[in-house]
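Trainee: Below are the structure tokens for one structure; questions will follow.
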Amino acid sequence: MKLNIAVLAGDGIGPEVTQQSIKALKAIALTFDHEFVFRSAPVGAIAIDKTGSPLPDETLALCKASDAILFGSIGDPKYDNDPSAPVRPEQGLLKLRKELGLFANIRPVKAYDTLLDKSPLKVENIKGTDISIYRELTGGIYFGEKKQNKEGTEASDLCLYTREEIERITHLAFKAALGRKKKVTLVDKANVLESSRLWRKVVTEIGTEYPDVELDFLFVDNAAMQLILNPKQFDVILTGNMFGDIISDEASVIGGSIGLLASASIGGDIGLFEPIHGSFPQGAGKGIANPIASILSAGMLLEHFGLHEEASLITDAVEKALELDITTPDLNPGNVNITTDRVGDFIEDYLLNPDDSNLNFTNIHLGQSTII
Ligand code: IPM
Ligand code: MN
């Protein structure tokens, strides 16, 4: 298969983690005889520095001319504490999502058996957790009208949802549940918000079209607690833009590190694949960023194009790295020698030699073989 992939590595640790997923995709292309063409363009703070815009026209044009986008991360501290900044890196990503109609953001959350002890949560509570969060991505409070009065003493953000916006992601969530444990949990705040009451009404109606799928509801405050107390109760979580943003960061604690959580944003003709973590500017250039979320996002890209065998090889490679403790300091604080690049090299090697059964596997693949 030939795929044109736009690479928007962005700010902070974005470029270094994205480099590892490109290595993984190139290895897959070689092993399975695909042609993946990568073209890079600036986005976020780095694009503001270069062009004044967080999403330059050329970057958007490249994305529109591609089959998929591999996205790194955006954000820079110089904007975070400046509420009056006229342009912000995040606007680049938000505009891209809107322009490309990426209304569904899928965020898988898994407790890997090999990492159970890395989570601050109790092993018996999290073992076996496997959740797919369906976060609405182009509506709600993120995109509603924003206002501030002249005096700067009053501001508001409108949380607006239309029936159609709710319907289209709800169908995707129910379809996903059919291939999983057949349960959808709608997370909302219907005891307070009118927009949430519309979500409940529409999701309940659509639920009748999927009689094999159990539907339940949780208020977001309770859901935040249940996610930590008993995450195994969840299968597909369906929710709006803001609640999805918050609970997915929270859910990353189950897996042991936010550096493991991948995502796919779909809905339009072109999908965007990105780790859920931010730009972690303090970690940039130090080789400590975990590339696994980006690599798993590349796996979701492959899955999106129906390349199932290729996608599952990526998952195998990641699981092997986790099993052998070939991980960055977020998961493996003692071992500072295992850098972002090293993890990427190991995964690349595994993808090129998946049948390697050498007992000295770990050492060889880390370039520390004692066998000469
Ligand atoms: C995410 C990020 C973005 C969001 C930011 C960078 C705009 O936090 O993808 O979760 O809030 O959606
Ligand atoms: Mn977020």
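The values are calculated or read from the model by the stated rules, or taken from the named source; none is laboratory data. Just so it is clear, the model here is predicted, and its values are computed rather than measured. Ideal geometry is used to build each Cβ from the backbone, glycine not excepted, and the neighbour counts take in all protein chains shown. Surface areas here come from the heavy atoms of the whole protein model, side chains and all, with no ligands, DNA or RNA. Shrake-Rupley method; radii C 1.70, N 1.55, O 1.52, S 1.80 Å.
Trainee: Quick one: net charge of Val343's neighbours, Cβ under 12 Å, K/R +1, D/E -1? Could you put the intermediate results ahead of the total?
Mentor: Details: positive: Lys23, Lys320, Arg342; negative: Glu16, Asp325, Asp330, Asp341, Asp345, Glu348, Asp349.
Taking every Cβ under 12 Å from that of Val343, the sum is -4.
Trainee: Counting other Cβ atoms within 10 Å, which GluC sites (Glu not before Pro) in the range 206-266 have at most 13 and lie in a DSSP loop?
Mentor: Glu209
Trainee: Something else now. Beyond 15 Å, how much of the Cα-Cα pair distribution for the range 140-208 remains, as a whole percent?
Mentor: Working: 1434 of 2346 pairs.
Above the 15 Å cut-off, the range 140-208 has 61 percent of its Cα pairs.
Trainee: Now for a different question. Let's see if you can work this out: charge +1 on each Lys and Arg Cβ, -1 on each Asp and Glu Cβ, no other charges. What is the dipole magnitude of the chain about its Cα centre, in debye to the nearest 20?
Mentor: In debye, rounded to 20, the chain gives about 540.
Trainee: Moving to a separate point now. Please give the charge dipole size of the range 256-367, origin at the Cα centre, charges +1 on K and R Cβ atoms and -1 on D and E Cβ atoms. Round to the nearest 20 debye.
Mentor: For this selection, approximately 460 debye.
Trainee: Another question about this same structure. Report, please, the projected area of the chain averaged over directions, based on the convex hull of its C-alpha atoms, in nm².
Mentor: Its Cα hull, projected and averaged over all orientations, spans 19.9 nm².
Trainee: For each pair in Lys23/Lys320; Lys122/Lys183; Lys110/Lys183; Lys110/Lys182; Lys64/Lys146; Lys50/Lys95, compute the distance between the two Cα atoms and list the pairs where it is over 21 Å.
Mentor: The pairs that break the limit, which is 21 Å between Cα atoms, are Lys122/Lys183; Lys64/Lys146.
Trainee: Whole-Hz ³J(HN,Hα) for each residue in the range 334-349, computed from phi via Karplus 6.51 cos²θ - 1.76 cosθ + 1.60 with θ = phi - 60°, x for glycine and proline: what do you get?
Mentor: Values per residue, Gly and Pro as x: x, 9, 7, 6, 8, 8, 3, 4, 4, 4, x, 4, 4, 5, 4, 4 Hz.
Trainee: While we're looking at this one, here's another question. Ignoring any ligand, DNA or RNA, what whole percent of the accessible area of the chain comes from carbon and sulfur when the probe is 1.4 angstrom?
Mentor: That share works out to 53 percent.
Trainee: Would you mind getting the accessible area per residue of the range 239-347, heavy atoms of the protein chains only, 1.4 Å probe, in Å²?
Mentor: Averaged over the residues of the range 239-347, the accessible area is 33 Å².
Trainee: Then there's this: Would you calculate the volume per residue, in Å³, of the smallest convex hull containing every Cα atom of the range 209-271?
Mentor: Values: hull volume 7.9 nm³, N = 63.
Hull volume normalised by residue count: 126 Å³.
Trainee: Moving on to the next point. Tell me, what is the per residue accessible area of the range 18-170 in Å², probe radius 1.4 Å?
Mentor: Per residue, the range 18-170 has an accessible area of 49 Å².
Trainee: Restricting things to alpha carbons, tell me how big the range 107-256 is in terms of Rg and Dmax, in Å.
Mentor: 16.6, 55
Trainee: Hey, another quick one. Please determine, in degrees from 0 to 90 and to the nearest 10, the orientation of helix 163-178 with respect to the longest principal axis defined by the Cα atoms of the chain, where the helix direction is its Cα long axis.
Mentor: Compared with the principal axis, the helix lies near 40 degrees.
Trainee: Tell me, rounded to the nearest percent, the portion of alpha carbon pairs in the range 37-112 spaced more than 15 Å apart.
Mentor: Summing the P(r) of the range 37-112 above 15 Å gives 59 percent of all pairs.
Trainee: Take every Cα pair under 8 Å in the chain that's 6+ residues apart, average their separations, divide by the length, and report that relative contact order as a whole percent.
Mentor: 22
Trainee: Now, a different point. As a test of the formula, what do you get for the chain when each DSSP H run with n ≥ 4 contributes -39,500 (n - 2.57) and the sum is divided by the residue count, at 222 nm and rounded to the nearest 500 deg cm²/dmol? Show your work: numbers first, answer last.
Mentor: Working: 14 runs with 155 residues, N = 372.
Theoretical 222 nm ellipticity from helices: -12500 deg cm²/dmol.
Trainee: May I ask which of Lys118/Lys189; Lys189/Lys232; Lys78/Lys189 have a Cα-Cα span longer than 25 Å here?
Mentor: Lys118/Lys189; Lys78/Lys189
Trainee: I'd like the Karplus ³J(HN,Hα) series for the range 4-10: coefficients 6.51, -1.76, 1.60, θ = phi - 60°, whole numbers in Hz, and an x wherever there's a Gly or Pro.
Mentor: 8, 10, 7, 10, 10, 6, x
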